[in-house]
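Notes follow once the structure below has been shown.
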């Protein structure tokens, strides 16, 4: 996930971003998050319904970020710069 964030920031910084790249980035984010989280459904100690609920919430948060870009807002990474400067 850190490499994904760095890749996106470098694309924006050096004006190499594209609509196709943004689309593929968001789709791959959703797929990788789901793959990482759905593995936990195989553990008997963890409630599978809870894991599926968390996966749905992660899809919803990614979708809300995409909707922000659709209405003209930009992605914000201020938290990254604040933590790096400490």
Of residues in region 1-22 being without any contact (Cβ under 8 Å) to a residue 12 or more places away in the chain, in contact with a helix residue (DSSP H, G or I) (Cβ under 9 Å, 6 or more places away or on another chain) and not in a loop (DSSP other than H, G, I, E, B), the one surrounded by the most Cβ atoms within 10 Å (Cβ to Cβ): 11
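May I ask you to verify whether residue 25 is under 23 Å from residue 68 (Cβ atoms) and surrounded by 11 or more Cβ atoms within 10 Å (Cβ to Cβ)?
yes
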Quick one: count up the residues across region 28-44 that are surrounded by 10 or more Cβ atoms within 10 Å (Cβ to Cβ) and not in a helix (DSSP H, G or I). 1
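Coordinate-derived values only; no laboratory data. Just so it is clear, the structure is predicted and the values come from calculations on it, not from any experiment. Please note: Cβ atoms are built from the backbone with ideal geometry, for glycine as well, and neighbour counts cover all protein chains shown.
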